[in-house]
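Scroll down for the structure; my scribbles are underneath it.
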Amino acid sequence: MAIQNPYKFLAPRPGSRYKQLFLRERKIRAEVLYRATVGPEPRTGQEVAGDFGVPLEAVQEAIDYCTRNQALLDQERRAVLDDIHSRGLVKPWPAPAN
């Protein structure tokens, strides 16, 4: 039985390692839109929609989806960071020149 997707603009991306939803027919994760609306310099939904060339409703859906699925997003972020660390891709910052 397939899981119902209540979103008009968001859908799973076949072949992606991410379980979170993406904008339909775009390679943009819902979290990317959501993250642009929070943090030290949050943008409005309208600004984010303009930045990405998507309808405001798509940004609103991404915000709704991400706030409802925070545990999944946290898990996926941890997995990416673990992969980066396991491959030795994290390097210390160089010391500043005197």
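The values are calculated or read from the model by the stated rules, or taken from the named source; none is laboratory data. Just so it is clear, the structure is predicted and the values come from calculations on it, not from any experiment. A quick note on method: Cβ atoms are made from the backbone with ideal geometry, for glycine too, and the neighbour counts reach across all protein chains shown. Surface areas here come from the heavy atoms of the whole protein model, side chains and all, with no ligands, DNA or RNA. Shrake-Rupley method; radii C 1.70, N 1.55, O 1.52, S 1.80 Å.
The share of C-alpha pairs in segment 15-98 whose separation exceeds 16 Å stands at 60 percent.
Each other residue within a Cβ distance under 14 Å of Lys8 adds +1 if Lys or Arg and -1 if Asp or Glu, for a net charge of -2.
At most 13 other Cβ atoms within 10 Å and a DSSP loop assignment: could you name the chymotrypsin sites (Phe, Trp or Tyr not before Pro) in segment 10-98 that fit?
Sparse-neighbourhood loop chymotrypsin sites (Phe, Trp or Tyr not before Pro): none present.
Would you kindly state the longest site-free stretch of the chain, with sites defined as trypsin sites (Lys or Arg not before Pro) in a DSSP loop (not H, G, I, E, B) surrounded by at most 11 other Cβ atoms within 10 Å? No qualifying site falls inside 28-86, the longest such stretch.
For the chain, averaging the sequence separation of C-alpha pairs within contact (under 8 Å, six or more residues apart) and dividing by the residue count gives a relative contact order of 21 percent.
Taking the protein heavy atoms of the chain in the context of the full set of protein chains, the accessible area attributed to carbon and sulfur is 56 percent at 1.4 Å. In straight-distance terms, cross-link reach from Lys8 covers every one of the lysines whose alpha-carbon lies under 28 Å from its own, apart from those fewer than eight places away in the same chain; here that gives Lys19, Lys27. A simple rule links phi to the HN-Hα coupling: the Karplus curve 6.51 cos²θ - 1.76 cosθ + 1.60 with θ = phi - 60°, which for segment 33-48 gives 5, 4, 4, 5, 9, 10, x, x, 10, x, 10, 6, x, 5, 5, 5 Hz, with x for Gly and Pro.
Cα-based values for segment 18-66, radius of gyration first and Dmax second, are 9.8, 30 Å. Considering only Pro14, Pro42, Pro55, the mean-square fluctuation computed in a Gaussian network model of the chain, springs between alpha carbons under 10 angstrom, is largest for Pro14.
Mind listing which GluC sites (Glu not before Pro) in the chain are in a DSSP loop and have 13 or fewer other Cβ atoms within 10 Å?
Values: sites: Glu25, Glu31, Glu47, Glu57, Glu61, Glu76; in loops: Glu25.
In loop regions of the chain (DSSP not H, G, I, E or B), the sparsely surrounded GluC sites (Glu not before Pro) are Glu25.
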